[in-house]
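Trainee: Please see the structure below; I have some questions.
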Amino acid sequence: MAMFVPKDRRSLFRQFLSGMYDAVVITDPNGHILEINPRTVEYFGREIEEVVDQPISVFIPGLKQDVVLRIRKGLEGDRHVVVDANGVAKDGRKIACEVAVSCIDLLNPGDLIFTIRNVERRRAYMNAFRDKANSFDISSDALFACDANGAIRECNAAFLLRFGLADVSVARGRAIAEFIKGDQLEAGFRRALSGERTSVMVDGMGEVVLAPNVHVRKTVGVVGSVRGGV
């Protein structure tokens, strides 16, 4: 919903902008910059004096005026629009961004507010997660992850092949002890839950390596690998 800020509250509004976690850019209806907050300066390395009256594309090159006009048209009915984009800092550094655009009646009716979230860390995390997932799946060792009760939550292609399973859904929820039997596994599993990385030899199975699966400093289960014995 469009927001009206009376003149005597504009100073308070700017204080509010200063405390926001995300970069915030206020523009006129055509996308020309009226106001930015300190986080914008931090992200892009440009002060307000450098960018006032400049188009929003000085920060987000993909937001040319024709794009801004299409977005503004899409905001009819008090909606907001979210786009993924690449920002560019003053030094030429690219910044992966999520940009939310909405209307705000601050200086003129139909002014636009661009809330810019730096998603570099999220993108790096997702890329790292994807890399680990790919490594997990192509490993020649049979890999698995269990909850604290020993029920399988995930396993890789080598695990499926080794134990003759059609796909991961067949394995999920079943006890790892169905596939790897023996007192050695049970003892190693307990040690892993207590925070220890351990390796045990299981008759007819080979070496089984077990380690705690830690999430936010809490052990939520056990991860393991099976090598040899076939």
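What follows is calculated from the coordinates using simple rules that are stated; it is not laboratory data. All of these numbers come straight from a predicted model, not from anything done at the bench. Note that each Cβ is placed from the backbone with ideal geometry, even for glycine, and that neighbours are counted across all protein chains shown.
Trainee: Rounded, prolate or oblate, given the Cα gyration tensor of the chain, with a/c below 1.5 counting as rounded?
Mentor: Prolate shape, in that a/c is at least 1.5 and a/b is the bigger ratio.
Trainee: Starting from 0.36 nm per residue, how many nanometres of slack lie between E178 and F13 once their C-alpha separation is accounted for?
Mentor: Details: separation 165, 0.36 × 165 = 59.40 nm, distance 6.22 nm.
This chain segment gains 53.2 nm when fully extended.
Trainee: Order of F144, F16 from fewest to most other C-beta atoms within 10 Å? Spell out each step's value before the answer.
Mentor: Details: F144 25, F16 13.
Ranked by crowding around the Cβ, least crowded first: F16, F144.
Trainee: Looking only at Cα atoms, what is the convex hull volume of the stretch 69-142 per residue, in Å³? Walk me through the numbers on the way to the answer.
Mentor: On the way: hull volume 10.8 nm³, N = 74.
So the per-residue Cα hull volume is 146 Å³.
Trainee: Sticking with this structure for a sec: Need one word for the stretch 10-82: rounded, prolate or oblate. Basis is the Cα gyration tensor (sqrt eigenvalues a ≥ b ≥ c); a/c below 1.5 gives rounded, then a/b vs b/c decides.
Mentor: Oblate, because a/c is 1.5 or more while a/b does not exceed b/c.
Trainee: Let me ask something additional. Residue separation times 0.36 nm, minus the C-alpha to C-alpha distance between N134 and R93: what's the value? List each step's numbers first, then the result.
Mentor: On the way: separation 41, 0.36 × 41 = 14.76 nm, distance 2.88 nm.
Full extension from N134 to R93 adds 11.9 nm.
Trainee: Can you tell me how much longer the chain between R121 and K218 gets when fully stretched, taken as 0.36 nm per residue apart minus their C-alpha distance, in nm with one decimal?
Mentor: On the way: separation 97, 0.36 × 97 = 34.92 nm, distance 2.24 nm.
Gain in length upon complete extension: 32.7 nm.
Trainee: Take the cross-link list K94/K218; K64/K132; K181/K218 and give me the ones stretching past 31 Å between alpha-carbons. All intermediate terms of the calculation are to be shown ahead of the outcome.
Mentor: Working: K94/K218 35 Å; K64/K132 37 Å; K181/K218 27 Å.
Exceeds cut-off: K94/K218; K64/K132.
Trainee: Would you give the gap between the C-alpha center of the stretch 21-45 and the C-alpha center of the stretch 168-230, rounded to a whole Å?
Mentor: 51 Å
Trainee: Of the listed peptides 26-36, 82-92, 172-182, what is their order by residue-averaged count of other C-beta atoms within 10 Å, with the highest listed first? Mind dumping the intermediate values first?
Mentor: On the way: 26-36: 19.5, 82-92: 13.3, 172-182: 16.0.
Highest to lowest by the protection proxy: 26-36, 172-182, 82-92.
Trainee: At 222 nm, what helix-only mean residue ellipticity would the chain give, in deg cm²/dmol to the nearest 500, using -39500 (n - 2.57) for each DSSP H run of four or more? Before the final figure, lay out the partial values.
Mentor: Values: 8 runs with 70 residues, N = 230.
The helix-only estimate for the chain comes to -8500 deg cm²/dmol at 222 nm.
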